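Here the structure comes first, spelled out in structure tokens, and everything after it is commentary.
The values are calculated or read from the model by the stated rules, or taken from the named source; none is laboratory data. Everything numeric in this text was worked out from a predicted model, so none of it was measured. Backbone-built Cβ (ideal geometry, glycine too); neighbour counts: all protein chains shown. Protein only, heavy atoms only, side chains kept; ligands, DNA and RNA dropped before computing areas. Shrake-Rupley method; radii C 1.70, N 1.55, O 1.52, S 1.80 Å.
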Amino acid sequence: TRGMIKLATGVGLWISEGGKYRLVEAPQTVLPFVLQYRELLESIQHDIEPACSGEYARSVIRIVQALYESDRAAEEIHPDK
């Protein structure tokens, strides 16, 4: 490759071209967790489904649990089992 990047969420982004990193100026943004909490509160207040539903969150948890189980069992475990 011709370079690398280093990202620290909420802190900064650095680009390396030739071994030395330089900070990339970026506009200030709200932390992702703050945005998620705001969306959750708005969903509750307006009685609407958030973009990341409970069903979606459960599917992510099933996948992560299957990854851990696959590691323990030393074999492929499917999340739907």
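Enumerate the pairs (first residue in the stretch 53-73 and at negative phi and open to solvent by less than 60 Å² (accessible area, probe 1.4 Å); second residue anywhere and at pLDDT below 90 and not polar (S, T, N, Q)) with beta-carbon separation below 6 Å, excluding pairs fewer than 6 apart on the same chain, so at least 6 apart or on different chains.
That search, which allows pairs on different chains as well, returns ALA66/ILE77; ALA66/PRO79; SER70/ILE77.
Which residues, counting only those in the stretch 21-40, are open to solvent by less than 100 Å² (accessible area, probe 1.4 Å) and without any contact (Cβ under 8 Å) to a residue 12 or more places away in the chain?
LEU23, VAL30, VAL34, LEU35, LEU40
With in contact with a helix residue (DSSP H, G or I) (Cβ under 9 Å, 6 or more places away or on another chain), at pLDDT 85 or above and open to solvent by 70 Å² or more (accessible area, probe 1.4 Å) as the only criterion, which of HIS46, HIS78 stands out?
Only one candidate passes the filter, namely HIS78.
So, in the stretch 5-20, of the ones that are in contact with a Gly (Cβ under 9 Å, 6 or more places away or on another chain) and surrounded by 10 or more Cβ atoms within 10 Å (Cβ to Cβ), which residue ends up farthest from ALA57 (Cα to Cα)?
GLU17
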